[in-house]
Amino acid sequence: MTAATFPENFLWGGAVAANQVEGAYREGGKGLSTADVLPPASARFKLLFHGKGEIPQIEPGTFYPSHEGIDFYHRYKEDIALFAEMGFKVFRTSVAWTRIFPNGDDEAPNEEGLKFYDNVIDELLKHGIEPLLTISHFDMPLALLENYGGWRNRELVKLYERYARTLFERYKGKVKYWITFNEINMLAHIPFISGGIVIAEGENKAQAVYQSAHHQFLASALAVKAARELRPEAMIGCMVAGGATYPLTSKPEDSLEAMEHDRITQLFTDVMVKGSYPYYAADFFRKKNVQLQTEPEDAELLRRYTVDFISFSYYTSTAVSSDPEHPDKASGNLFGGVVNPYLKASDWGWQIDPLGLRYALHQLYERYGKPLFIVENGLGASDVLEPGDVVNDDYRIDYLNRHLAEARKAIEEGVELIGYTSWGCIDLISASTGEMKKRYGYIYVDRDNDGSGSLRRVRKKSFHWYKQVIATNGASLSEE
Ligand code: BGP
């Protein structure tokens, strides 16, 4: 490796999730998922944090952009050809659980759903693109929530294991890289969207969240076990919403607050990477009045079946203050926190911090010493399609360039980073708003929030920029 390039075989690519691109929400035998009932716009944002105390239902008369997505279900060939044109080495997407087991507990998998992913995987392989599949990305069969109470119920562990085994068996020899749960730590911040957890009014939220998390840890461990048996060369990763946390001031209380903030995410990564709960977990649970229901075999299962790599998303950093009344809350930050006066923010209030990515890479590598994979990073913006099919997204190029330059420095400083898939490599439905307007792609999709538009794909300026970055293995990135 020369100073300016990334390691040989670095996995360059892009990422999406089934429920944000596929559409066809009732086609091919697919069942309803928790993502299908999430309302768009401000109603969704409210639900993210507060929930409703009940399972949301599809409201007649409301347009749900995610139900049609960007129609990847029918247009995957065209989209994959564009990814190949950019030179992708890897493409991250998720499998919609409801295409494989429409109700989650069906006796047999749905062949049409399995076939759809056969087709997507084969198309990727045809272009020399490695698939990276997330087994559960912010969606699960709605029926599992209605009939079992979702992840609070230990039964889900077995049902997920069967689902994961079905995928490993079917796609054996074709898919090497897997992620068990997308942003598993977001259970603690946005429990419904992340894990379909409905919190009743007056209920101890932490009890529901950490009991569900424990079940997901077991499910992930059983998936690792299954993969080892069925396909020893598979690489299974955990995935967390990452970021750097800073104390807002040098006041000691702010530093302690930052430490505690980090510990929430570290609890998740410690279990999945080190195989046990961290030493502070008992006290953390006591203070939150959480009583975990466990079985005698759990500790051994978690200890034996840890993940091979750590993947994470990075969009922003978080500044925290020990003052609960601090007036400048960081409005767009799903982790909470306050406004960092040294950083600018995106139109959605996500503060932009490339240095924080280098900091986060070091923190993770120092704590775990495992290969790292940045599986989401990018800038959500309201792009404009100009006459002549031009999208001048220089702001996105600037954002990505600065983040990648910091990732390159982290590698030079010794961090083992194996890949980078920028988020929403093609415009898609936003997870937090449920709308099209917040775009991340290198490829513009002609579609608006209200469903108008031809769904035509247009290469943005960043498309050509990223193609060059991949072709030169990062040498074309500028330092500033
Ligand atoms: C992550 C999710 C993605 C995604 C991304 C951007 O939390 O894993 O699914 O959408 O954030 O968020 P948003 O779409 O809200 O801008």
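Before moving on, here are some points about what is shown:
- DSSP-defined beta bridges in the chain - what % are antiparallel, rounded to 5: 20 percent
- Centroid-to-centroid separation of region 306-324 and region 81-120 [C-alpha atoms, Å]: 28 Å
- Point-to-point label distance, L230-A299, nm (Cα→Cβ direction, 7 Å offset): 3.1 nm
- Restraint check, K126/K274; K274/K437; K251/K288; K30/K438, Cα-Cα greater than 31 Å: K126/K274; K274/K437
- Loop-resident sites, region 81-161, for GluC sites (Glu not before Pro), counting at most 14 other Cβ within 10 Å (DSSP): E107
- Filtered chymotrypsin sites (Phe, Trp or Tyr not before Pro), region 340-439: DSSP coil and at most 14 other beta carbons within 10 Å: Y342
- Shown in residue order for region 343-355 are the 3J(HN,Hα) couplings computed by the Karplus curve 6.51 cos²θ - 1.76 cosθ + 1.60 at θ = phi - 60°: 10, 8, 10, 6, 4, 9, x, 8, 6, 9, 8, x, 4 Hz (x for Gly and Pro).
- Span from the region 260-296 Cα centroid across to the region 355-376 one, whole angstrom: 20 Å
- Helical contribution to [θ] at 222 nm, DSSP H n ≥ 4, -39,500 (n - 2.57), averaged over the chain, rounded to 500: -12000 deg cm²/dmol
- Loop GluC sites (Glu not before Pro), region 281-355 (other Cβ atoms within 10 Å of the site Cβ: 13 or fewer; DSSP): E297, E325
- Reachable aspartates and glutamates, given that their alpha-carbon falls under 20 Å from the alpha-carbon of K89 and they are not under 8 places away in the same chain: E8, E78, D79, D118, D122, E123, E130, E233, D308, E376, E416, D427
- Space enclosed by the convex hull of the alpha-carbon atoms of the chain, per residue, Å³: 144 Å³
Only the coordinates and a few stated rules stand behind these numbers; no lab work does. Because the structure is predicted, anything quoted here is derived from the model rather than measured. Heads up, the Cβs are rebuilt from the backbone with ideal geometry, glycines too, and the neighbour counts pull from every protein chain shown.
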